[in-house]
Structure formats: C-alpha cells, structure tokens
C-alpha cells in the first residue's frame, strides 16, 4: 500500500516537473517565431516605403508593432508608420501615430525625434497667417518642448530656427490686424495688437514698426508722454531704423519738412548729375 502511494506521488511530481521544464521551451520558441514575424512585417513595410506605397507600408509597420508589442522592433515600427504617412503629406495620420507613440513609449530613446516630427507635421500645414491658427500654435507648442526638454538633441537647433519663423508669422498677423484697426481709427484694438507684438514677438522684424505705431497712436489721441515713452524705447533699441526717424518726425514737424526737402534736393542733384554723364 505504501509502495503504491509512493509510486503515485512520484508520478505526480515527475509529471509536474516535466511540465515546468516544457513551458519555458514553448515560450522561447513562441517568442522566436513572433520575432521572426515582426522582422518580416517590418521588412515588408520598408520595401513598400521604398516603392512609394506608403499606405501599405504604414499598415505593415502597424502589423509589426501589434504582433509583438514587447519586441524592440515595436517602437521602431510605430515611428516608421508615422514617417510613412509624413512622406506623402498624410499629416493627420502621421500626427495620430506620433501622439500615440509619445503616449505608449514615453521613455524611448527616439522620443526627441517623435516630438520633432510631430512639430514638423503641424508646421508644414501652415498656409497663411490670416487663416486658422491651429497648425501654427500646435507647431509652436511642440517645437518649444523639443527646445526645452531635448536641448542637446540634434533637432533642437532646427526647432529654434522654425520657432523664429513661426513667431514672424504670428507677429505679422498681429501687425495686419493692428494696421486694419489703425486705418479704421479704432485706437484701443490697434494698441492691443501692437503691444502684443512688442511683448510676445520683440525679436521679430515687426517690433520696430509696432513701437512706431504706438508712438503714432498715443500722440494722435493726446497721450504725448506715453508716445514719448515708446519713442525712447524705439530710439534705444533701433536708433538707425527708418521707424525711429518717422517717430522723431511725429514730435518735430520741422524735421519732417526739412527731411523731405533734403530728399528732394538729393533727387534733383542725382538727376542733374545723370544729365552731365
């Protein structure tokens, strides 16, 4: 009886031990097979991308990621799907893929590239500063993230350059509206627009004109001390600017007349010299 019990227990232990040995083998084989499938799908995606079939390429990259999410190929495939869409200007799809990548792989080594490509996907949709600002503001926000969080990245310098261009676009929009309100003699909205330029976009080419317009408006509405404040600021930063000259002539009408006289004399002298040649 004891012998039978011993044999029964031994059989159970042996069976359990055999099963425990087989499980890792099956898992290892399964992982190897999955990895091969992922690599194959990834390769198909690359081949399709090279041939210009970006939609099929993106599909294969997505397939590679889904097959084995724990694989090192999964995040690579996710990025390549986004890049595939980007190459043929499918910006909406590219943005969706990149946003998902950032959420799913927040610590990936290529996170800087994901943010940069996301910013570029918004940036390349910028058409006109007078139209919808969504793409402009989204691009600005993401480029700022690249510059702040990935300052040592190879994409930081180009992000700074693109950000300067975006600020020029945004400043030009404010100037366009400011000039419109100025023409209509709507002083308060005009002042607000020009102030936005000097407060937010003071490094752009529009800062000088914005300061002059503030001088001009405040002088017209009788706030001469305020006008002088902006004139001094313009003179301090842009003394050689044509806009400083215009602001100076706002306070000194004789200067304006004398300046116009000098210009006319120069033009006459130039014409006279051309007759002698």
One finds the C-alpha centres of region 193-232 and region 149-163 to be spaced, in Å, by 31
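Express in nm, to one decimal, how much length is gained between residue 104 and residue 47 on full extension, taking 0.36 nm for each residue of separation and deducting their alpha carbon distance. Walk me through the numbers before you get to the answer.
Values: separation 57, 0.36 × 57 = 20.52 nm, distance 2.58 nm.
Stretched out fully, the residue 104 to residue 47 stretch lengthens by 17.9 nm.
What FRET efficiency, computed as 1/(1 + (r/R0)^6) with R0 = 22 Å and r the Cβ-Cβ distance, is obtained for residue 225 and residue 205, rounded to the nearest 0.05?
Values: r = 28 Å, r/R0 = 1.27.
FRET efficiency, residue 225 to residue 205: 0.20.
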So, with points 7 Å from each Cα along the Cβ direction, the residue 157-residue 236 label distance in nm works out to 3.4
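Can you put 165, 177 in order of Cβ neighbours within 10 angstrom, beginning with the fewest? Please list the in-between numbers first.
Working: 165 14, 177 17.
Starting with the residue having the fewest Cβ neighbours, the order is 165, 177.
Just want the ordering: 209, 97, 160, 44, from fewest to most Cβ atoms lying within 10 Å of their own Cβ. Let's see the in-between values first.
Details: 209 21, 97 27, 160 14, 44 17.
Neighbour counts put them in this order, fewest first: 160, 44, 209, 97.
Fewest first, what order do 108, 212, 218 take by the number of other Cβ atoms within 10 Å?
Values: 108 17, 212 24, 218 21.
Going from least to most buried by this count: 108, 218, 212.
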The whole-number value in µm²/s of the Stokes-Einstein translational diffusion coefficient for region 143-183, with Rh from the Kirkwood sum over alpha carbon pairs at 37 °C and 0.692 mPa s, is 286
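Taking only the C-alpha atoms, wrap a convex hull around region 143-234 and report its volume per residue in Å³ as a whole number.
Values: hull volume 8.1 nm³, N = 92.
Residue-normalised Cα hull volume stands at 88 Å³.
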Among the Cα-Cα pairs of region 41-141, the proportion with separation greater than 21 Å, in percent, is 34
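Provide, as a two-decimal number, the C-alpha radius of gyration of region 85-167 over 2.2 N^0.38 Å, N being how many residues it has.
Region 85-167 yields a ratio of 1.04.
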The convex hull of the Cα atoms of region 60-104, divided by residue count, gives a volume in Å³ per residue of 54
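FYI, it's all coordinate maths here, none of it is from the lab. Note that the coordinates shown come from a computational prediction; the quantities given were computed from them, not determined experimentally. Glycine also receives a Cβ, built like all others from the backbone with ideal geometry; neighbour counts cover every protein chain displayed.
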